[in-house]
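The values are calculated or read from the model by the stated rules, or taken from the named source; none is laboratory data. Because the structure is a prediction, the values reported are computed rather than measured. Here Cβ is always computed from backbone atoms with ideal geometry, including for glycine, and neighbour counts include all displayed protein chains. Just so you know, the surface numbers come from the protein's heavy atoms only, side chains and all, with ligands and any DNA or RNA stripped out. Shrake-Rupley method; radii C 1.70, N 1.55, O 1.52, S 1.80 Å.
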Amino acid sequence: MKKCLAVTLTLAVLFGFGTLAGATTLKVGLDADPVSLDPHVQLSGGMLQYSHWVFDPLVRYAQDMSIEPRLATRWERIDDLTMRFYLREGVKFHSGNTFSAKDVKFTLERLKKSVDFKGLFELFTEAAIVDDYTIDIKTKKPYALLLRMCTYIFPMDSAFYTGTDESGQPKDAIVKIGPSFALTHESGTGPYTVAEREQGVKMVMDRFSDYWDTASPGNVGQIVLTPIKEDATRVAALLSGDVDFISPVPPQDFKRIEKDPKVNLFTYPGGRIITVQLNQKRRPEFRVQKVRQAIVYAINNEGIVEKIMKGTATPAGQQSPKGYAGYNANCVPRYDLKKAKTLMAEAGFASGFECTMIAPNNRYVNDEKIAEAVVGMLAKINIKVNLKTMPKAQYWDEFDAQVADMQLIGWHSDTEDSGNFSEFLVMCPNKETGYGQYNSGNYCNPEVDRLTLAAQSETDLAKRSAMLQKIEQILYDDAAFVPFHWQNHSYGAKKNVNVAPIINTMNFPYFGDIVVK
Amino acid sequence: MFAFVVRRITQALFVMLIISLVGFSIKNKIGDPIRDLVGERVTPAERELLRDKLGLNDPFVTQYLRFAKNAVQGDLGVSFFHKKPALAVIAAKAPATLELVFGAALIIIFISLPIGVFSAIYPRSAFSRFTMAFSTLGVSVPVFLTAIVLIYIFSVELNWLPSYGRGETVSLGGWDSGLFTVDGIMHLILPCFSLASIMLPLFIRLIRSEMMEVLETEYIKFAWAKGLHRKRIWFIHAFKNTLLPVITVFGVQIGIMFAFTILTETVFQWQGMGFMFLEAVERSDISLLVAYLMVVGAVFVVVNTVVDIIYGLVNPTIRIAGRK
């Protein structure tokens with residue numbers, strides 16, 4: 001019996017080491033796995049990450065936020081409305097088909113049909129094929145962000161997705177609630193092909209042998225992605241060596257990971273701003289500029305970053321993070337309790353008032369704790385806040401219904417550009433145009449609206465930047481909303497995984513280029 | 001007898017009807033499934049369109065009748081998140097949960113029996129006192145904490161056992177089993193111990209007190225007087241009678257253990273029904289939730305009905321009492 005046990009154990013150990021020795025497999029533990037294989041079925045961070053692994057965009061952001069050629073090798077503006085793209089030749093799809101201009105046209109058309117993406121591509125008209133490897137992408141009006149939007153165009157294999165499946169449904173149908181061909185099949189040009197997928201359990205991706213980018217340093221032959229939703233379990237899986245890479249790392253475990261000699265911690269500044277909106281329609285007090293300013297002065301957002309976020313965020317005084325066109329160096333965090341009290345007294349509210357607040361408790365990093373801190377900080381200027389937190393599943397309906405005077409929301413710009421923040425968060429709410437869709441503060445300033453719209457079509461980048469910075473200054477002076485911080489992205493990995501070069505502001509780890517020693 | 005069986009089955013059907021109604025009326029309170037299906041940028045108008053397409057805007061009665069009609073034919077709807085028939089999703093997740101409960105049950109049996117019996121025979125020994133004190137502690141520690149502590153000790157610090165998931169599974173005619181691979185068994189150990197930890201102290205105490213009671217009875221005293229060997233008295237005569245109430249309680253507790261799998265599965269990323277349920281709540285996957293309620297409800301109703309009918313066969317007074 002003892003012998004038997006010894007043999008079994010030895011075999012187990014050998015087997016364990018055996019799998020370790022095949023070092024080109026990267027085991028990844030993320031908080032969620034991609035919801036489907038169809039890149040156009042849902043616009044979410046997870047789906048875009050997936051798109052970068054299995055598909056390839058026309059262009060993508062480099063770490064310094066410059067635009068990097070991918071399937072488009074170069075581009076030029078032909079006129080105010082048109083940008084001409086020269087496409088890479090000799091690129092193969094996973095199906096074996098050859099990539100050409102028709103696939104770009106097909107993809108753009110499909111994007112315009114997708115419920116989730118059509119808003120982003122509203123300004124785009126049809127693409128015009130010049131020849132097999134040249135294509136003109138046009139917009140309805142001059143659009144400064146045309147090139148940036150092309151980071152969302154991940155060409156799909158038009159031949160592969162054409163025709164009908166067994167049930168008679170077109171293969172390119174975008175189906176929210178399955179089944180559909182595109183939900184379970186993929187053919188992109190990306191570094192990995194999906195070898196095996198069981199939703200919510202695991203996804204195995206193999207390196208695509210005909211991948212065009214032979215210059216990529218990436219040496220990982222296979223990625224096994226497992227969703228591990230529970231924070232503590234995800235960290236334990238990394239520390240015990242069951243996975244090689246995790247994201248996100250919960251702030252309370254940063255020290256633990258930094259201390260461990262076998263693993264490294266990486267953080268990267270992100271662009272998601274966390275704010276609280278003050279509803280001027282519900283609360284007459286919030287219409288008074290001084291009251292709003294007092295609230296901003298009373299919030300110690302640097303303290304929140306240090307104590308609650310454990311330093312894993314950047315305190316904010318505005319919407320645009322550093323590096324964005326609208327970033328205004330004057331708009332810095334301004335915690336000053338004395339000033340806040342003076343402002344409240346000047347506004348005639350020295351004795352304060354009572355108001356309500358809602359916040360999600362599983363949407364942003366430590367969202368509930370941040371909201372609780374707000375309650376404590378505002379109590380110091382005699383504003384009694386009645387806080388209610390809830391899971392995100394219930395939160396957004398309440399948010400839209402504007403059930404509370406103060407509402408917490410985080411926002412990441414889809415375009416990695418300042419204008420997007422204003423369009424959704426501070427422009428006057430307008431049901432017809434859709435602007436101000438998430439402006440539950442009902443802040444409305446015609447000057448901000450005018451500047452935001454003007455910046456959309458301003459193609460002179462310096463002028464445009466000045467406009468966007470002016471918007472930030474107006475919002476800052478007006479205390480249009482309460483800024484907290486920009487969340488950092490966090491990753492943990494074993495020492496032999498070279499994570500630093502592949503992470504970026506968008507939280508799209510480019511696994512195609514990851515090196516494992 | 002025939003009338004009795006018909007009556008019980010009618011009652012069972014009625015219960016299923018109530019379950020479906022309750023499930024259906026709470027589903028709109030869980031959250032909005034559309035929110036989870038689309039990005040945050042999608043306009044309210046687009047969401048409304050999608051809602052119309054999925055029939056979520058129809059009046060309650062229309063929705064319910066449509067659901068009931070399909071349910072009678074064995075179709076409980078399509079899961080919004082998994083994009084597959086809800087019943088298929090549940091069926092695929094069931095083996096993981098069943099194996100987890102099975103493993104935990106084995107642990108409970110093989111640990112609680114010897115310890116319970118020992119501490120009944122030698123109630124004053126140091127070991128018995130220790131286990132009794134320890135089991136009080138065991139009852140009060142939540143399973144969530146037990147699981148995390150186990151992971152930190154055995155996966156992170158000692159690196160003996162894997163920290164999450166099911167490991168390598170073998171498919172046996174649609175049943176994905178982790179019981180036939182070394183890797184699968186290794187993955188089972190920690191979750192099973194965590195789950196067993198809730199019931200283990202209870203059973204040790206139950207077996208001990210039952211056994212001590214039996215040891216005081218007249219027939220045991222008579223056996224001693226008769227000069228039977230002590231092993232025969234303990235393990236044959238006393239033990240057999242101890243087991244009867246224990247088995248009854250065990251049957252009830254297994255059901256409760258299924259409820260605790262929700263927590264255990266969440267910590268260990270164990271892909272079973274409990275994990276699926278929690279995720280469905282978080283994602284407001286209401287069609288899957290209703291289907292889950294129906295399936296679990298059906299299992300309990302069927303088991304209870306069969307038990308009632310068997311009772312009726314065995315004990316006629318139940319049939320008669322019901323007639324009045």
Worksheet entry | Exposure of residue A:240 as accessible area (Å², to 10), given a probe of 1.4 Å and all protein chains | 10
Worksheet, complete the sentence: Of B:12, B:280, B:92, the most mobile residue in a GNM of chain B (C-alpha springs, cutoff 10 Å) is B:12
Practice prompt. At 7 Å along the Cα-to-beta-carbon direction for both residue B:91 and residue B:185, put a label point, then send me their distance in nm to one decimal.
Written response: 3.0
Fill in: Calculated [θ] (222 nm, deg cm²/dmol) that DSSP helices of n ≥ 4 give over chain B, each run adding -39,500 (n - 2.57)
-24500 deg cm²/dmol
Worksheet, complete the sentence: Rounded to whole angstrom, the alpha-carbon centroid of region B:217-283 lies from that of region A:464-517 at a distance of 53
Practice prompt. Roll a 1.4 angstrom probe over the protein heavy atoms and tell me the percent of accessible area of the protein assembly as shown that is carbon or sulfur.
Written response: 62
Fill in: Number of Lys pairs (Cα under 25 Å; 8 or more positions apart or on different chains) in region B:86-323
4
Discussion item. Largest first and in whole Å, what are the equivalent-ellipsoid semi-axes of the protein assembly as shown based on the Cα gyration tensor, each being the root of 5 times an eigenvalue?
Written reply: 53, 33, 30
Practice prompt. Could you list, in their original order, any pairs among A:255/A:339; A:380/A:470; A:229/A:262; A:339/A:392 whose Cα atoms are separated by more than 30 Å?
Written response: A:255/A:339; A:380/A:470; A:339/A:392
Response to the item:
Taking B:295-305, A:146-156 and ranking on average Cβ neighbours within 10 Å, highest first, one gets A:146-156, B:295-305
Worksheet, complete the sentence: Per the C-alpha gyration tensor (a ≥ b ≥ c, the square roots of its eigenvalues), region A:34-144 is rounded if a/c is under 1.5, else prolate if a/b beats b/c, else oblate; here it's rounded
Discussion item. Just to be sure I understand: if you take the accessible area of chain A alone plus chain B alone and subtract the pair, with a 1.4 Å probe, what total do you get in Å², rounded to 100?
Written reply: 4100
Item to complete: Please work out the FRET efficiency for the pair residue B:140 and residue A:73, using the Cβ-Cβ distance as r and a Förster radius of 60 Å; give the result to the nearest 0.05.
Response: 0.35
Worksheet item: In degrees from 0 to 90, rounded to the nearest 10, what is the angle of the helix B:182-215 Cα long axis to the longest principal axis of chain B?
Response: 50
Practice prompt. Find the Cα radius of gyration of region B:2-85, compare it with 2.2 N^0.38 Å by division, and give the number to two decimals.
Written response: 1.41
Discussion item. Using DSSP to call loops (not H, G, I, E or B), can you name the trypsin sites (Lys or Arg not before Pro) in region A:249-279 whose Cβ has at most 12 other Cβ atoms within 10 angstrom?
Written reply: A:262
Worksheet item: Between residue B:130 and residue B:252, what length comes free when the chain is fully extended (0.36 nm per residue of separation minus the Cα-Cα distance, one decimal in nm)?
Response: 41.2 nm
Worksheet item: How far is it, in nm, from the label point at residue A:134 to the one at residue B:235 when both lie 7 Å from their Cα along the line to the Cβ?
Response: 9.2
Worksheet item: Under a straight-distance cross-link criterion of Cα-Cα below 24 Å, which lysines are reachable from residue A:92, leaving out those fewer than 8 residues away in the same chain?
Response: A:102, A:105, A:171
Item to complete: Provide the percentage of antiparallel DSSP beta bridges, counting only those with both residues in chain A; round to the nearest 5.
Response: 75
Discussion item. Could you tell me the calculated FRET efficiency between residue A:460 and residue A:334, based on Cβ-Cβ distance and R0 = 35 angstrom, to the nearest 0.05?
Written reply: 0.65
Worksheet item: Hey, what angle do you get for helix B:273-282 against the long axis of chain B, alpha-carbon based, 0 to 90 degrees rounded to 10?
Response: 40
Worksheet entry | Within 10 Å of each Cβ in A:211-220, the average number of Cβ atoms from other chains | 0
Worksheet item: What average number of partner chain Cβ atoms lie no more than 10 Å from the Cβ of the residues making up B:154-164?
Response: 5
Item to complete: Please label the shape of region B:86-323 as rounded, prolate or oblate, based on the square roots a ≥ b ≥ c of the eigenvalues of the alpha-carbon gyration tensor (a/c under 1.5 means rounded; beyond that, a/b larger than b/c means prolate, else oblate).
Response: oblate
Fill in: Reach of residue A:322 by Cα under 12 Å, taken over aspartates and glutamates that are not fewer than 8 positions away in the same chain
A:64, A:416, A:417
Discussion item. Tell me which of B:43, B:70, B:59 sits at the most positive position along the dipole axis of region B:1-138, charges placed on C-beta atoms (Lys, Arg +1; Asp, Glu -1).
Written reply: B:70
Worksheet item: With every protein chain left in place, what is the accessible area per residue of chain A in square angstrom, probe 1.4 Å?
Response: 39
Practice prompt. Measure nothing but the geometry: give the 0 to 90° angle between the long axis through the Cα atoms of B:44-53 and the longest principal axis through the Cα atoms of chain B, rounded to 10°.
Written response: 70
Discussion item. List, by residue number, every residue in region B:251-271 with a reduction of 20 Å² or greater in accessible area between the chain on its own and the complete protein assembly, 1.4 Å probe.
Written reply: B:266, B:267, B:269, B:271
Response to the item:
The summed charge of the residue A:293 Cβ neighbourhood (under 14 Å; Lys/Arg +1, Asp/Glu -1) stands at +2
Item to complete: At 7 Å along the Cα-to-beta-carbon direction for both residue B:160 and residue A:24, put a label point, then send me their distance in nm to one decimal.
Response: 3.6
Worksheet item: Within straight cross-link reach of residue A:281, meaning Cα distance under 19 Å, which aspartates and glutamates are found once same-chain residues fewer than 8 apart are removed?
Response: A:354, A:397, A:398, A:400, A:405, A:449, A:478
Practice prompt. Please give the average number of partner chain Cβ atoms lying within 10 Å of the Cβ of each residue in A:231-237, rounded to a whole number.
Written response: 6
Worksheet, complete the sentence: Of A:498-510, B:207-219, A:477-489, ordering from highest average Cβ density within 10 Å down gives A:477-489, A:498-510, B:207-219
Worksheet item: Can you pull the Rg over Rh of region B:138-248, Cα-only, Kirkwood?
Response: 1.19
